[in-house]
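The block underneath contains the structure these notes are about, expressed in structure tokens.
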Amino acid sequence: MTHAISIEAVSKRFASLQALDSISFTVEHGEFFALLGPNGAGKTTLISAMAGLSRADSGRIRIMGHDTVTQTRDARMKLGVVPQELVFDPFFTVRETLTFQSGYFGIRHNDAWVDELLYKLGLTDKANVNMRALSGGMKRRVMVAQALVHRPPVIVLDEPTAGVDVELRQSLWAFVKELNAAGHTIVLTTHYLEEAEALCSRIAMMKKGRLIALENKDTLLSRSAAREVSLQLSGPLPASLQPLSLRQQDGRHILALPDIAKLEQVLSELRLAAVEVRELSVHETDLEQVFVKLMHGGQL
Amino acid sequence: MYGFITLFKKEILRFWKVGFQTVMAPVLTALLYQLIFSHVLSQHVEAYPGVSYTAFLIPGLAMMSMAQNAFANSSSSLIQSKITGNIVFLLLPPISAPAFFGAYLLASVVRGLVVGAGVLLVTAWFGLPLPAQPLWLLAFAVLGCGVLGTLGIMAGIWADKFDQLAAFQNFLIMPLTFLSGVFYSINSLPPLWRSVSHLNPVFYMIDGFRYGFFGQADVSPWLSLAVVGGCFVALSLWVMRLIASGYKLRH
Ligand SMILES: Nc1ncnc2c1ncn2[C@@H]1O[C@H](COP(=O)(O)OP(=O)(O)O)[C@@H](O)[C@H]1O
Ligand SMILES: [Mg+2]
């Protein structure tokens, strides 16, 4: 068994819209993987194809080595999906919901694991409450629990924190990190880039059905070479530093800093020219800047 | 297999939790029909020799209620799940097409039989005899609910909106169940309408079910069994294939 998820040249069209355009990538065992992209990029469509909720027009997807079309049973047993839309069955309580979900996966006596999930997700005191009576955040937690009843090695969360309060977001991430540490492969899509930045080791970016970037987070961040140093000086910028100058802003000089070691050189040039530094700050590129750049078609 | 059992249990629990609507209401409706029609017509009609109109009416009403409720059970459950989106929780696990079909079907049959038993119970005092042919009775009850439960699964999968389902129910299921000899023996009809009735599969369910009580009917119970059984097998195979293909469920 080679990859946790392998996606090979997957395409899907809705009428005239190319929702997925020959997407290929793999996610390795134990990875924490982010799938980013603006609304309509095709993230949910790709996840639906992984889960067998929809069928790709062409290409092939394997979950833990099992083809999602020809080995549906094995592929589905290995995959837990938290759908993007907040959905629930208003007829049942939280515990009924989870017990039924276990049964759909063929698991009979799952009480111990269901209790643990309830506990970890802060739902213990809601176990016998009807789904209708839960807040949105609580319903979202039940959806996470539903995706985990069969202890899948691969877990996909489609914007699990959209419209969810801060407290839940943090406790959810703590839990997902714990699952990842226990060996589960995690794929998540999110609009909060700082979440992807803080949690994920590898990042794929999609736009209009195409994969436009796929890198280690650190490579992606450094490749954009957008680290900058902002300097407030007592005199003019020495000529030797002009090539690094990006712009002037509020009386400060903004210089490009491709490599942090370059800072040493900048400072010694200033000392030589007898220019005093009144204020200095270094700005790291964050994922948001990279993202915006990529989405506007700029090459890195 | 356990997926099937779980889905079946969930479907039973779903209608049982709202039993006031799903069981009591149709039983009350049937009782009202029985009161009104037997009051209006009891003096005028003797359906079969030796069978009063009031007694004749009961099995027809029971079968009609069973059919309508078996249809309502699977169709409303599926369309609710589709519209609210929680059907996704059934599509993510590896539930096979026969298990999916079987669970909805069996739950519909159970709902139909519970309603049917309720209708018979509250109307029996109008002079219902003990069944002359209990096995025939059971066979038509189960198969009749099976046919309508299967149609309900099909309608629930096909319809995208409640009004499409309502149209299916009002323009197909209601006319078929009402024009099936519930309220009259088709032998009392003019020849043209008698032939038309013979094209309606619900007519055979009701006629066969009646045979179970009275040991006499408009047509032979074997013919009714062949028609109802044939419909059931053909529809089931078709709907199971629809489900396996992912029609309207997996886009
Ligand atoms: N069932 C569908 N029928 C038609 N178009 C669809 C369907 N599902 C998604 N789309 C379209 O496909 C594109 C990708 O959607 P989606 O995968 O939901 O994007 P994302 O999850 O990245 O926001 C969108 O333009 C969306 O409108
Ligand atoms: Mg989406």
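Observations on the structure shown:
- Accessible surface, 1.4 Å probe, highest first, among residues A:Leu214, B:Leu78: A:Leu214, B:Leu78
- Pairwise label distance in nanometres, B:Ile36 with B:Met24, each label 7 Å out on the Cα-Cβ vector: 2.2
- Normalised per residue, the accessible area of segment A:5-207 is 39 Å², obtained with a 1.4 Å probe and no contribution from ligands, DNA or RNA.
- Gyration tensor (alpha-carbon) shape descriptor, chain B, a/c threshold 1.5: prolate
- Carbon + sulfur, % of accessible area of segment A:222-297 - ligands and nucleic acids excluded, 1.4 Å: 50
- About the Cα centre, charge dipole magnitude for chain A (Lys/Arg +1, Asp/Glu -1 at Cβ), debye: 860
- Note on B:Leu121 and B:Asp160: with the Förster distance fixed at 35 Å, the Cβ-Cβ geometry gives a FRET efficiency of about 0.40.
- Projecting label points 7 angstrom from Cα along Cα→Cβ for A:Phe14 and B:Lys248 puts them 1.9 nm apart.
- Where A:His184, B:His39, B:His251 fall by accessible area, highest first, once all protein chains stay in place (1.4 Å): B:His39, B:His251, A:His184
- Chain A: relative contact order as a whole-number percent, Cα under 8 Å and 6+ apart: 20
- Tensor-based shape of the protein assembly as shown (alpha-carbon gyration tensor, a/c under 1.5 rounded, otherwise prolate or oblate): prolate
- Estimated FRET transfer efficiency (A:Ser22, A:Ile260; beta-carbon r; R0 41 Å; 0.05): 0.60
- Per residue, the average separation of C-alpha pairs within less than 8 Å and at least 6 apart gives segment A:222-297 a relative contact order of 44 percent.
- Shielded residues, segment A:65-93 - accessible-area loss of 50 Å² or more between chain alone and all protein chains, probe 1.4 Å: A:Arg76, A:Val87, A:Phe91, A:Phe92
- Accessible area (Å², per residue) of segment B:2-245, counting only protein heavy atoms and a probe of 1.4 Å: 41
- Rounded FRET efficiency, nearest 0.05, which uses the C-beta distance separating A:Ser281 from A:Arg247 and R0 of 22 Å: 0.90
- Tensor-based shape of segment B:141-251 (alpha-carbon gyration tensor, a/c under 1.5 rounded, otherwise prolate or oblate): prolate
- Within the accessible surface of segment A:5-207, defined with a 1.4 Å probe on protein heavy atoms only, the carbon and sulfur portion equals 50 percent.
- The listed residues B:Lys248, A:Lys43, B:Lys82, once ranked by accessible area (1.4 Å probe) with the largest placed first, stand as B:Lys248, B:Lys82, A:Lys43.
- Chain A - mean residue ellipticity at 222 nm from DSSP helices (-39,500 (n - 2.57) per run, n ≥ 4, rounded to 500): -9500 deg cm²/dmol
- Peptide-level mean, for A:8-21, of C-beta atoms on other protein chains within 10 Å: 0
- Axis angle, to the nearest 10 degrees, between helix B:134-158 and the longest C-alpha principal axis of chain B: 40 degrees.
- Accessible surface of segment B:2-245, 1.4 Å probe, proportion on carbon and sulfur as whole %: 73
- With a 10 Å cut-off around each Cβ of B:9-15, the average count of Cβ atoms from other chains is 3.
- For segment A:5-207, the number of Lys pairs separated by eight or more positions or lying on different chains, with C-alpha atoms closer than 15 Å, is 6.
- Segment B:43-63 and segment A:53-73: distance between their alpha carbon centers, rounded to Å: 58
- In chain A, a dipole from Cβ-located charges (positive for Lys and Arg, negative for Asp and Glu) runs towards its positive end, and of A:Leu199, A:Ser24, A:Leu157 it is A:Ser24 whose Cα lies farthest in that direction.
- Chain B: most fluctuating residue of B:Gln169, B:Gln34, B:Gln80 per GNM, C-alpha cutoff 10 Å: B:Gln80
- Spin-label model, A:Arg210 to B:Tyr2: label points 7 Å out along the Cα-to-beta-carbon direction sit 4.7 nm apart.
- In chain B, the longest principal axis of the Cα atoms and the axis of helix B:97-123 are about 30 degrees apart.
- Within the assembled protein chains, the solvent-accessible surface assigned to A:His66 is about 40 Å², based on a 1.4 Å probe.
- 15 Å reach of a label modelled at B:Lys9, 7 Å along Cα-to-Cβ, counting backbone N of segment A:134-170: none
- Residues in segment B:61-102 occluded by at least 40 Å² - accessible area, probe radius 1.4 Å, against chain by itself: B:Asn86, B:Val88, B:Phe89, B:Leu92, B:Pro93, B:Pro94
- Charged-residue dipole, Cβ positions (Lys, Arg, Asp, Glu), the protein assembly as shown about Cα centre, Debye nearest 20: 1000
- Leaving ligands and nucleic acids aside, the A/B contact buries around 2500 square angstrom of accessible area in total at a 1.4 Å probe radius.
The values are calculated or read from the model by the stated rules, or taken from the named source; none is laboratory data. Bear in mind the structure is a predicted one, so any value in this text is a computation, not a measurement. A quick note on method: Cβ atoms are made from the backbone with ideal geometry, for glycine too, and the neighbour counts reach across all protein chains shown. Keep in mind that these areas ignore ligands, DNA and RNA; they rest on the heavy atoms of the full protein, side chains included. Shrake-Rupley method; radii C 1.70, N 1.55, O 1.52, S 1.80 Å.
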